[in-house]
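I have placed the structure first, in the form of structure tokens, so that the comments after it can refer back to it.
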Amino acid sequence: MNTQWARLLGIGVLAVSLWANGAFAAADREKLLTDPGVYGTFAAYAFNDDWGKKEGAARIALLTVLKGVVEQHREKLAIDLYLLRGLSDHADILFRVHAGEMRDIQRFLVDLQGSAFGKQLKVSGIMHGLTKKANYVPGFPDEIKAELKSPSDPGAKPYVVVIPIRKSADWWALDQDKRAAMMKEHTEAALPYHKTVKRKLYHSTGLDDVDFITYFETSKLEDFHNLILSLEKVKEFQYTRRFGHPTWLGTAKALDEIIEILAQ
Amino acid sequence: MNTQWARLLGIGVLAVSLWANGAFAAADREKLLTDPGVYGTFAAYAFNDDWGKKEGAARIALLTVLKGVVEQHREKLAIDLYLLRGLSDHADILFRVHAGEMRDIQRFLVDLQGSAFGKQLKVSGIMHGLTKKANYVPGFPDEIKAELKSPSDPGAKPYVVVIPIRKSADWWALDQDKRAAMMKEHTEAALPYHKTVKRKLYHSTGLDDVDFITYFETSKLEDFHNLILSLEKVKEFQYTRRFGHPTWLGTAKALDEIIEILAQ
Amino acid sequence: MNTQWARLLGIGVLAVSLWANGAFAAADREKLLTDPGVYGTFAAYAFNDDWGKKEGAARIALLTVLKGVVEQHREKLAIDLYLLRGLSDHADILFRVHAGEMRDIQRFLVDLQGSAFGKQLKVSGIMHGLTKKANYVPGFPDEIKAELKSPSDPGAKPYVVVIPIRKSADWWALDQDKRAAMMKEHTEAALPYHKTVKRKLYHSTGLDDVDFITYFETSKLEDFHNLILSLEKVKEFQYTRRFGHPTWLGTAKALDEIIEILAQ
Amino acid sequence: MNTQWARLLGIGVLAVSLWANGAFAAADREKLLTDPGVYGTFAAYAFNDDWGKKEGAARIALLTVLKGVVEQHREKLAIDLYLLRGLSDHADILFRVHAGEMRDIQRFLVDLQGSAFGKQLKVSGIMHGLTKKANYVPGFPDEIKAELKSPSDPGAKPYVVVIPIRKSADWWALDQDKRAAMMKEHTEAALPYHKTVKRKLYHSTGLDDVDFITYFETSKLEDFHNLILSLEKVKEFQYTRRFGHPTWLGTAKALDEIIEILAQ
Amino acid sequence: MNTQWARLLGIGVLAVSLWANGAFAAADREKLLTDPGVYGTFAAYAFNDDWGKKEGAARIALLTVLKGVVEQHREKLAIDLYLLRGLSDHADILFRVHAGEMRDIQRFLVDLQGSAFGKQLKVSGIMHGLTKKANYVPGFPDEIKAELKSPSDPGAKPYVVVIPIRKSADWWALDQDKRAAMMKEHTEAALPYHKTVKRKLYHSTGLDDVDFITYFETSKLEDFHNLILSLEKVKEFQYTRRFGHPTWLGTAKALDEIIEILAQ
């Protein structure tokens, strides 16, 4: 971290990512990220033209505001940040926010957008989903269940991809058995990538214009690409009406890393 | 309510939501919200860049204007406000306006958009519908009718979702009996959510690019999500050409609450 | 009419709508509105941000310019104005212009857009059509012909709706007899609304991206809604590829009324 | 031509359209407009808000720049101008540029967009095509060939329409014989309009998102409308996936006419 | 190169394109451009309105910044530049960037967009792909393999076209043999253009909303057009859901050439 602005921000150069920092009381992040029945909001923003005209000190003041808003809401929310700039079309930063209640997420984003920092932002896209217990997995053979439970490879997974999906009406008209059989084939196609590509599923029907938000973390983008290619070859993919639009590709960053990059 | 701006606004800190305040003569809100033959307009706005640059006192002056415009039209209209910011893509506030004549709604929105407050707004989307007597319900079995008449759970339903729907040409080409049979299946799928998700239907054909505007209120977003999921599994859904685009998700707020939030 | 700005505009407070004012020589409006072989252009505009910042006197000066441009072109054109603001998405005013030659319409709109008033406008959409002799009516039974000839109910029809339509390639591939049979069914479905909803048809193929512009005037929007609903139930509707996008809903206003509303 | 600005521009009031003026050395316009193997670019521009704020003298200075840029490139290019304003949605002027090499067209448009005049413009749309020898005509009966060779009616054809077309994959999958048979039907449907509507075809596959750019000149827009209507009734039209979007309708103008109109 | 600004830039007038200049240590460009497993990003930008207002010296200062940012990242990246202005719709310049890791590409583009030069740019579009070993070629007959290995004609290939492609779900559902047979037909159709049109394929599935990015270089645009026409006639094309949107057409330029053109 650049010492000059770090001093201005009044934070230690050695400070690690905010949510990894035990010194602050915070939402039970682990629970929010693993429990069913949790709401997850993906909110992507692009900087407006004003931001480009700000000089170093003014930027740092605004980034301090960003940091303050995030800290203030960490009691109830798990907040993750991603840098989309350079990799995605019309968005610079992405927030993924988990909470037990959507109105807590709204309070955070209203505060963020209304803050001095937020006035530098244009909303690029907002999507919502809900985590639920696995729908089809209970009926899968034991060996698939076991593989799904095995942990992914340790180590950082810097790349993040977010892909919204809308299924066709024909998909929902299928009976549960037929859908389960196709989801088994889907799951088997995905298993070879289980260790290198971490996945998380959000159910969006009614909360947004899509049915699912799929979220991926990996250190090997080629594996991720091959995973999606495999998933497009199984029968279930023929019931997909929208895949992406947008596809958000970015890199996971701690709040302080984002601040450091944006301060420049 | 923040005392400082409340004093500036010249309103009592204890004032409850405008339309709940018996001190003002107002349109017969109850009748407008329950009668058939009433027009309902959904008008969503986003703040423009000017708004972001306004300081506290200037904002409060503008919000006073908003309040004045709403009060002035309450004689003929039922006006509801929703906060979309943080939950919907390109809109910050949503007005739902009911009236016996569309031109009264136009007068209100022309006054609103032409006011000093309105000059801070960009139109995000405007949709219109008409309330009508239930089309298919008269032919339903008595037990369904009874369940439909039972009141929804008491208590606040803070979340609001607005989803426009366009049916396919094939839907309208079906004879009334076939459509009635499918709507019975649709209604049965929705019944389990009758108590926790309140619904209201607006007929839009010709007034806009959609056939229906569906409006939902709930305190349990997960129930709402499951309701929509159930509705996508019945046969009638296969005759839906557009569902959402936009889906507006927000929270119901009294005018004074909106003002308080926006004043900050 | 507000006396203050009327005095500024130098026009009499009692002046009725421009085109109803016999004091000016004007195009043979009646002929342009009823003859076949006449071009009709629908041009919708939204005010830009500059307009919102203009004070009363500056606005009135600009509206005087609008009035002047319209008067100047009334020799050759029939010009109607509609207020879309509050009822349509991204447009505030709509001009419907009829002329024997499209280049006269272009001259008017170039003058309008290039005027001091026009610099406050953004083009929202422009569509063109041509009036033609009824295509299928000559083959209809006499009683339908008679009903079509009966006048619509007298009295003002303040609401106006403009809906562009594009037919599918399959429609044009049908032979004339089959299309005539379906248009007879279409016409019969529309007859019950003949007295309360006035219709006018413009043929657009090649002049724009649509095949028809349908124009409706009514004082009873619910009747109009039911008319469109009936038309969506006949077979001919299945050959419709685009219906609306945009649907323009507004109110018919005399030029002076529009000026009065916009002056505020 | 208005004498005042003509004097400012330093050109004679009697000067006819630039490309008709033999006093300048210029590209062999006739050859470029009739030979196969020539590239044609359609570039439409809309004026930005700055333009609206320019006063007369500043406008004339900028239009002088436009004239200079056009003159400078006339050695290698055939440049035509059209006024779209008032007749097309989001474009004011259209350039049609023919050259033996696309890079010469790019040089012209880079110079134009980078000039003081070009800084008043926003790109509305750019499309490219290539002229080729007639594909299907050689196999047509002699009487069709003869009619195609007969000249169109003399006299000005002020209206111009540009319609891009994309064929379906099914069209290209047909064998040449079947396509030729359908194109014969297409050509026969068009013949009655041969004298009043002049057509030119550009092949775009790969150079842009469309397969063809069709260009029409006429003095009788109703004939043009009936021509397109006839073409939509033949079988070949069923293999059309995109027709228009945009449809550009405008009037052909000599450079000096455009300058005169824009100077005001 | 114009001597005046070249002196200002402090570079020799004779300097050839940056990446051809052996005086700088640079990424192993040849390897990045030919190896499988390399990431390629296409990032197109348009200048914003500020750029148009910059005078010569200010522009040159900004272009010096562009040059600096590119040089700084040449250690890890192969960076190519193309001029789209005049030939493509809403983009002026295109960067094609190859790297072994996507995060290195992000670092470059974040630096670029955050630089004084980048503040003059709007993102027009960003797409990513991955180079892979040929999928179907190993099973092709030897004579096709031989032709594919023959070098393309020597000499400059100034025109560049970039076309993104999305295949239908039906394509991916075919078994590998059927896809291989169709790709053989596709390859045979392309062979006649092998010498004059150079092709490169990027696999995008999951990284973006498309499946492939196809990149072409040629000096003969007509050959390129005929190549695409041939490819649209083979069966495989029927499994293409999106072709273009956008199609980027431009000319390859050395960094110094781009700077020279933009400095004016």
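Structure summary
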{"item": "Residues of segment B:97-114 that turn out to be open to solvent by 10 Å² or more (accessible area, probe 1.4 Å) and outside any helix (DSSP H, G or I), as a count", "result": "2"}
{"item": "Segment C:59-81, residues that are hydrophobic (A, V, I, L, M, F, W, C), outside any loop (DSSP other than H, G, I, E, B) and away from chain B (no Cβ under 14 Å)", "result": "C:ILE60, C:ALA61, C:LEU62, C:VAL65, C:LEU66, C:VAL69, C:VAL70, C:ALA78, C:ILE79, C:LEU81"}
{"item": "Top-ranked residue of segment D:248-264 - restricted to ones that are assigned to a strand (DSSP E or B) and not β-branched (Val, Ile, Thr), ranked as nearest to the other protein chains (Cβ to nearest Cβ)", "result": "D:LEU249"}
{"item": "Hey, D:TYR39 under 16 Å from D:LEU77 (Cβ atoms) and at pLDDT 50 or above or not", "result": "yes"}
{"item": "Selected residue (criterion: nearest to A:ALA99 (Cα to Cα)) from residues of segment A:127-143 that are open to solvent by less than 40 Å² (accessible area, probe 1.4 Å) and part of a loop (DSSP other than H, G, I, E, B)", "result": "A:THR131"}
{"item": "All helices (runs of 4 or more DSSP H) inside segment E:160-240 with 3 or more residues being more than 10 Å from chain D (Cβ to nearest Cβ) and open to solvent by less than 40 Å² (accessible area, probe 1.4 Å)", "result": "E:169-173, E:176-190"}
{"item": "Of all residues in segment E:115-126 being of a type in the set (Gly, Ala, Ser) and assigned to a strand (DSSP E or B), the one that is farthest from the other protein chains (Cβ to nearest Cβ)", "result": "E:SER124"}
{"item": "Residue in segment A:42-53 that is of a type in the set (S, T, N, Q) and without any contact (Cβ under 8 Å) to a residue 60 or more places away in the chain present", "result": "no"}
{"item": "Residue, nearest to the other protein chains (Cβ to nearest Cβ), within segment B:127-142, restricted to residues that are of a type in the set (D, E, K, R) and in contact (Cβ under 8 Å) with a residue 12 or more places away in the chain", "result": "B:LYS132"}
{"item": "Number of the exception - E:GLY40 against (1) more than 23 Å from D:LYS122 (Cβ to Cβ); (2) assigned to a helix (DSSP H, G or I)", "result": "(2)"}
{"item": "Residue satisfying all of: in segment B:144-159; charged (D, E, K, R) and assigned to a loop (DSSP other than H, G, I, E, B); nearest to the chain's Cα centre (by Cα) among these", "result": "B:LYS157"}
{"item": "Hey, D:HIS245 closer than 26 Å to D:GLY86 by Cα, touching a residue at least 12 places away in the same chain (Cβ under 8 Å) and within 14 Å of chain E (Cβ to nearest Cβ) or not", "result": "yes"}
{"item": "Enumeration of residues in segment B:173-216 that are of a type in the set (Phe, Trp, Tyr) and either more than 23 Å from B:GLY129 (Cα to Cα) or out of contact with any Gly (no Cβ under 9 Å at 6 or more places or on another chain) (or both)", "result": "B:TYR193"}
{"item": "Conditions (1) open to solvent by less than 40 Å² (accessible area, probe 1.4 Å); (2) more than 14 Å from chain C (Cβ to nearest Cβ); (3) out of contact with any Ser or Thr (no Cβ under 7 Å at 6 or more places or on another chain); number of the one not met by B:ALA146", "result": "(1)"}
{"item": "Subset of segment E:82-102 [more than 11 Å from chain D (Cβ to nearest Cβ) and among the aliphatic types (A, V, I, L, M)]", "result": "E:ILE93, E:LEU94, E:VAL97, E:ALA99, E:MET102"}
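The values are calculated or read from the model by the stated rules, or taken from the named source; none is laboratory data. What you see is a predicted model; the values in this text were computed from it and never measured. When we count neighbours, we look across all protein chains shown, and the Cβ atoms used for this are built from the backbone with ideal geometry, even at glycine. Ligands, DNA and RNA are stripped out before the accessible areas are found, and what is left, the full protein with its side chains, is counted by its heavy atoms. Shrake-Rupley method; radii C 1.70, N 1.55, O 1.52, S 1.80 Å.
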